[in-house]
Amino acid sequence: MRRTATCVLFLTLLSGVSPAGEGPVPAFPLALPLQSELPVTGSFGEYRAGHFHAGLDFSTRGELGWPVRAAADGEIYRVKVQARGYGRALYIRHARGFETVYGHLHVFENGKLGLERFVARQRERLQDRFPGDLYLDPPIAVKQGQIIALSGEKGGGLPHLHLELRYQGAPVDPMRYAGIHPAGLAAPVLQELLFLPRGPCKVNGKRAPVTLKFQLERGVARLTAVPQVEGRCGLLIKAQVPGAGKMSLSKLAVDCGEGRFLRMDLNRFSFEQYHQVGLLYDVERSTSTGAFFYRLQLGVGLDLPDVSGAGLDPLPGGTLHCRIRAESADGQ
């Protein structure tokens with residue numbers, strides 16, 4: 001028997017900041033680690049090859065040597081020197097179970113903190129240019145705003161600063177929980193709805209894959225054509241947050257009629273969930289440069305703490321009137 005569903009999607013685009021401290025993570029205010037005019041180019045929870053992005057990336061305008069400052073009072077207890085990954089990284093332990101991580105640094109502060117001298121001694125002791133994790137005993141106390149390093153490009157990628165906020169060892173969104181408000185963010189944009197075959201699948205009489213575009217009308221994104229869907233079809237939505245870089249959504253909600261089909265809130269995850277990125281994003285089409293395709297039928301095994309519902313799986317029969325709400329962690 002042929003199964004037919006008509007999807008009528010009225011899509012609302014909203015941006016804003018969720019209240020800090022929602023859920024089990026308390027608020028922990030941070031200061032910007034770089035000068036305020038340097039924009040963010042990578043957001044928390046973005047697709048990366050094989051994992052979620054665990055922090056924020058800040059542009060340094062293609063330059064090395066911008067002063068990096070401690071985002072809060074704390075103590076430096078660990079530095080890392082490796083060829084790939086975060087390259088040169090610095091870890092500060094703060095009060096109440098919080099920690100900040102600063103990655104891709106050029107040099108550590110050596111005048112007051114003596115961190116380069118410490119690294120040189122450890123290299124000599126271990127006879128290793130890239131000795132990995134190095135722990136300071138005792139740790140070095142620092143104050144908020146104190147220079148701790150200069151920005152760089154160590155580890156990989158163009159010059160930028162990677163900032164992480166961790167709570168009890170797990171990454172959390174610095175915009176959400178620390179009140180970080182970088183420059184250069186805009187409201188999210190929904191771009192395409194993509195139908196993929198999960199068996200025989202037709203959309204408006206055409207065999208999948210079929211792409212339908214969105215167009216913005218008075219602040220609401222609507223499909224340019226109403227899809228008539230037949231068979232077993234998969235659904236992806238392409239969306240991003242424009243700015244200095246193309247960034248991912250923070251929240252995505254799908255409601256059809258009286259049904260709540262999907263709630264996605266990317267504000268925290270554990271390192272055990274770090275590699276579940278392919279259950280939320282489509283890895284064949286998503287890239288780390290801003291093409292983000294979200295599954296509207298979530299993969300089995302996804303257990304992020306603030307993602308619920310199976311999505312439109314299976315696609316219900318009959319006529320669907322759906323509303324999708326997309327949010328950035330911060331925006332205009």
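The values are calculated or read from the model by the stated rules, or taken from the named source; none is laboratory data. None of these values were measured; they are calculated from a predicted model. A quick note on method: Cβ atoms are made from the backbone with ideal geometry, for glycine too, and the neighbour counts reach across all protein chains shown.
Just to be sure before I move on: is G50 within 18 Å of K154 (Cβ to Cβ), touching a His at 6+ places or on another chain (Cβ under 8 Å) and not polar (S, T, N, Q) in the structure I sent? Step through it out loud before you land on a result.
Details: within 18 Å of K154 (Cβ to Cβ): no; touching a His at 6+ places or on another chain (Cβ under 8 Å): yes; not polar (S, T, N, Q): yes.
Taking the combined requirement at face value, the residue does not satisfy it.
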Would you pick out the residues in the range 208-222 that are of a type in the set (A, V, I, L, M, F, W, C) and under 26 Å from the mean Cα position of the chain (by Cα)?
L212, F214, L216, V220, A221
Could you check the range 66-81 and list, in sequence order, the residues that are in contact with a Pro (Cβ under 7 Å, 6 or more places away or on another chain) and either surrounded by 21 or more Cβ atoms within 10 Å (Cβ to Cβ) or among the basic types (K, R) (or both)?
V68, R69, A71, I76, V81
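Please determine, by comparing only the residues of the range 233-258 that are over 25 Å from Y47 (Cβ atoms) and either in contact (Cβ under 8 Å) with a residue 40 or more places away in the chain or in contact with a helix residue (DSSP H, G or I) (Cβ under 9 Å, 6 or more places away or on another chain) (or both), which one is surrounded by the fewest Cβ atoms within 10 Å (Cβ to Cβ).
So the first thing to find is which residues in the range 233-258 are over 25 Å from Y47 (Cβ atoms), and the list is 256-258.
Next, only the ones that are either in contact (Cβ under 8 Å) with a residue 40 or more places away in the chain or in contact with a helix residue (DSSP H, G or I) (Cβ under 9 Å, 6 or more places away or on another chain) (or both) stay: 256-257.
Details: C256: 20, G257: 13.
Ranking the qualifying residues of the range 233-258, first place goes to G257.
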Residue list for the range 263-283, restricted to those being surrounded by fewer than 19 Cβ atoms within 10 Å (Cβ to Cβ) and in contact with a helix residue (DSSP H, G or I) (Cβ under 9 Å, 6 or more places away or on another chain)
V283
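With outside the structural domain of A291 (by TED's automatic domain parsing), at pLDDT below 90 and under 22 Å from S286 (Cβ atoms) as the only criterion, which of G157, G245 stands out? Before you say what the answer is, go through the steps one by one.
Values: G245 fails: outside the structural domain of A291 (by TED's automatic domain parsing).
Selected residue: G157, the only one of G157, G245 that is outside the structural domain of A291 (by TED's automatic domain parsing), at pLDDT below 90 and under 22 Å from S286 (Cβ atoms).
Collect the residues in the range 248-297 that are assigned to a strand (DSSP E or B) and of a type in the set (S, T, Y), keeping them in residue-number order. Let's see the steps before the verdict.
Looking only at the range 248-297, we keep the residues that are assigned to a strand (DSSP E or B), and these are 251-256, 259-265, 268, 281, 293-295, 297.
If the condition is that a residue be assigned to a strand (DSSP E or B) and of a type in the set (S, T, Y), then Y281, Y294 are the ones that fit.
Only one of D313, D282, D265, D303 is of a type in the set (D, E) and modelled with pLDDT under 85. Can you tell me which? Spell out how you get there, then give the answer.
Details: D282 fails: modelled with pLDDT under 85; D265 fails: modelled with pLDDT under 85; D303 fails: modelled with pLDDT under 85.
On inspection, the qualifying residue turns out to be D313.
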